[in-house]
Number of protein chains: 4
Amino acid sequence: MNTHKLFCTALTLIALYSPLAFSQTLNTNITEAEVKAAQDAWGKALIQISSDYDKSGLEKATATAKTVLDSAYGYNLGPVLFKPTLSGGEQTFRTDYQGALSYFVGGNKQYTQDKGFALKSWTDYSYKNAAVHINGDTAITMGKVTLTDKSGKVTTVDKTWGFKKTDDGKIRIVLHHSSLPYSEK
Amino acid sequence: MNTHKLFCTALTLIALYSPLAFSQTLNTNITEAEVKAAQDAWGKALIQISSDYDKSGLEKATATAKTVLDSAYGYNLGPVLFKPTLSGGEQTFRTDYQGALSYFVGGNKQYTQDKGFALKSWTDYSYKNAAVHINGDTAITMGKVTLTDKSGKVTTVDKTWGFKKTDDGKIRIVLHHSSLPYSEK
Amino acid sequence: MNTHKLFCTALTLIALYSPLAFSQTLNTNITEAEVKAAQDAWGKALIQISSDYDKSGLEKATATAKTVLDSAYGYNLGPVLFKPTLSGGEQTFRTDYQGALSYFVGGNKQYTQDKGFALKSWTDYSYKNAAVHINGDTAITMGKVTLTDKSGKVTTVDKTWGFKKTDDGKIRIVLHHSSLPYSEK
Amino acid sequence: MNTHKLFCTALTLIALYSPLAFSQTLNTNITEAEVKAAQDAWGKALIQISSDYDKSGLEKATATAKTVLDSAYGYNLGPVLFKPTLSGGEQTFRTDYQGALSYFVGGNKQYTQDKGFALKSWTDYSYKNAAVHINGDTAITMGKVTLTDKSGKVTTVDKTWGFKKTDDGKIRIVLHHSSLPYSEK
């Protein structure tokens, strides 16, 4: 028996006869790295929708927005606590999927004020957290988010996010409160 | 032996010899009722500070504000994610106790823009949650909060709160994002 | 327009134009009632496997055991902390599905000591919790479990269970430590 | 102004004027390292009580046991799910402090079977986890624990622990199920 075979046989024996040999850990907690990755992904997704709109039109942008909502938001879990930046009156909160989609790409007759926030030719994104709380499989962040469009115009908003790590290990936005900065008139 | 004595002896025997007789439950989760009570308490506290200010002056109002921050906010746990309604620029976020106190009652030279939000003669408060999430010992809420001052002027804000139930069973605000409603110019 | 139509139209209008009208709550916490239901279900399942074995044989019992493991245990989430009553030596812990199945119905050449715990003609089951902890979407219980077989023989074990409520709202056993009572020799 | 002063002044300015400069994270989750440290500490404490008993007698050992229970177990939080190895009958579970203390050092007239498990001259301790679950501020472990006394006699037990990280950042045992290994007669 050569060395390779011997090694493989040993591994097989360990696997078969030593269930105690290795400890296994199941950790369902969200990590700070996962929170930052989700924050990065949000900006990247927004820029992608903008880019798709500018290059390929509304249909493509809407498809991308749906993909983003399907994968990055928690509408599959229940109502999402979503207060978008440019949303007011009776339609301030977008706790359901259709309200969120309308905010990002417009085109929904129930939300006549929506112009499609993600269609504004965003090209750059950054954020600075003031503080982050991590609690079990959830995290909340608060800070400044800065968006730049293709003309170079900069928009800064105050943003709170809540993230939840689901059983499949994915991170979803379950809370999103965005507001224009306060300034004295 | 009369009936009463018999009963008491039986109870004593159960207590002494039957540690299995009663199940004991330790439940650290926050309940929806606790969340609502905390939301009620926030408005009541704000009105109390206003009332103390109008009746007894700044010193009394400041003392009340400190009591509120000490008992209802989570600054003892770490940085609080607090974005008050009328707070902007470099001083937007009040993650520490002093910043929060300054926002409510002013008088802090580091926060020159603060005029004391709790000193505005608030007399009435109500809220309407758009959605609530309860996750372990934490909860997040989003909705409209309406404040009325003694002149009858109504101020409505979009408000997100995060609450945490601590080991002693108390509920503390660990997240508070408040913003003026968006309206098209 | 008759009353019925008026009422339906009003409801439709509320649904269309008043997204603020109703608060929605998403609560992911496990409740004590869910814990008790899961404890009840465990005993019922064990008796079902026994009954299937006695009436229809090993194949049917094995199919039932698989259904139980698939729905009531958390092997889909990761390793389960399972120390069955009559399991010792190198094969004490059954952190994987095959080890658990073998314990309940036997027939696995890797677990030669297993005789099929669920095949012992169990007909009655009861439990008494000494204490229960509820923490977020998980709960742990400790207490006495009593099993009776068709001959009337009673077996009592000390049992700790850990339950987890998954995103789909189901309760799964993620911890199960069962041991024969200690008695001085 | 020398370099040192310049540096300090710069730091002061940053601290005074840039509340946004640093992100702060509050993470209440338990880590695997904390779980392992708690498991190490348990064995070390047991050996310490034994050593104190052998060197200084029961009073000293009892004082040490109280210190251990006060700091390492969660009796301050509520009932602890504790099933010690050598505990049976009506007194199987030690959900309260007195029951736990009695198990470790004896001397309690209500627990006549207790001989003081920690007084058995333990000198060595090791453990091997079969699996570990980490969920928020709690963790559960299951595995083999091996204890050796000064005569060289080895005792192995199957042990499940549940740990909870409290608001002060400490780790406490809230679940402890220990049982002698099963062996066919």
Task: Distance from the stretch A:94-117 to the stretch D:23-73 (C-alpha centre basis), Å - done: 56
Task: Partners for C:K109 among aspartates and glutamates (Cα-Cα distance below 17 Å; same-chain residues under 8 apart left out) - done: C:E59, C:E90, C:D96
- [ ] Per residue of the stretch A:142-157, in order, report the coupling 6.51 cos²θ - 1.76 cosθ + 1.60 (Karplus, θ = phi - 60°) as ³J(HN,Hα) in whole Hz, putting x for Gly and Pro.
- [x] 9, x, 9, 10, 10, 10, 10, 9, 5, 7, x, 6, 9, 10, 10, 10
Task: Neighbour net charge for D:D167 - beta-carbon separation under 12 angstrom, K R +1, D E -1 - done: +3
Open item on the list: To check you understand DSSP bridge types, tell me what percent of the beta bridges within the protein assembly as shown (both residues inside) are antiparallel, rounded to 5.
Closed with: 80
TODO: Only residues of the stretch B:74-117 count here: report those whose backbone N is under 18 Å from the spot 7 Å along Cα→Cβ of B:K60, or say none.
DONE: B:105-106
Task: Distance violations [Cα-Cα > 23 Å] among D:K120/D:K159; D:K55/D:K170; C:K83/D:K150 - done: D:K55/D:K170; C:K83/D:K150
- [ ] Mind listing the long-range amide H neighbours of C:D167? Cut-off is under 5 Å, sequence gap 5 or more, other chains count too, H placed in the peptide plane at 1.01 Å from N.
- [x] A:D167
Open item on the list: Given axes a ≥ b ≥ c from the Cα gyration tensor, I'd like to know whether the stretch D:104-159 is rounded (a/c under 1.5), prolate (a/b larger than b/c) or oblate.
Closed with: oblate
TODO: Determine the shielding of peptide B:162-170 by partner chains: average, over its residues, the number of Cβ atoms on other chains within 10 angstrom of each Cβ.
DONE: 3
Open item on the list: I need the phi-derived Karplus couplings for the stretch A:50-61: 6.51 cos²θ - 1.76 cosθ + 1.60, θ = phi - 60°, integer Hz, Gly and Pro marked x.
Closed with: 4, 5, 4, 5, 5, 8, 10, x, 5, 4, 5, 4
Task: Using θ = phi - 60° and Karplus 6.51 cos²θ - 1.76 cosθ + 1.60, couplings along the stretch D:96-101 (whole Hz; Gly, Pro as x) - done: 10, 4, 4, x, 5, 4
Open item on the list: Relative to 2.2 N^0.38 Å, what does the C-alpha radius of gyration of the stretch D:145-185 come to as a ratio? Two decimals please.
Closed with: 1.63
Open item on the list: Can I get the semi-axes of chain C's equivalent ellipsoid? Compute them from the C-alpha gyration tensor as square roots of 5 times the eigenvalues, in angstrom, largest first.
Closed with: 42, 19, 17
Task: Neighbour-count ranking [beta-carbon atoms within 10 angstrom, fewest first] of B:V105, C:V157 - done: C:V157, B:V105
Task: Average Cα contact separation per residue, chain A, under 8 Å, 6 or more apart, as relative contact order % - done: 21
TODO: Tell me what chain D gives for mean residue ellipticity at 222 nm when only DSSP H runs of n ≥ 4 count, each as -39,500 (n - 2.57), the sum divided by the residue total, rounded to 500 deg cm²/dmol.
DONE: -11500 deg cm²/dmol
Task: Residue mean of other protein chain beta carbons inside 10 Å, D:80-88 - done: 5
Open item on the list: Suppose the Debye formula is applied to equal point scatterers at every Cα of the protein assembly as shown; what is log10 I(q)/I(0) at q = 0.05, 0.07, 0.09 Å⁻¹?
Closed with: -0.33, -0.63, -0.95
Task: Computed label-point distance, nm, for sites D:D167 and C:D124 using a 7 Å Cα→Cβ extension - done: 4.7
Task: Average beta carbon contacts from partner chains per residue of A:101-107, 10 Å cutoff - done: 0
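Where a number appears in this text, it was derived from the coordinates with a stated rule and is not lab data. Quantities reported herein were computed from a predicted structural model and do not represent experimental measurements. All Cβ positions, glycine included, derive from the backbone under ideal geometry; neighbour counts span all protein chains shown.
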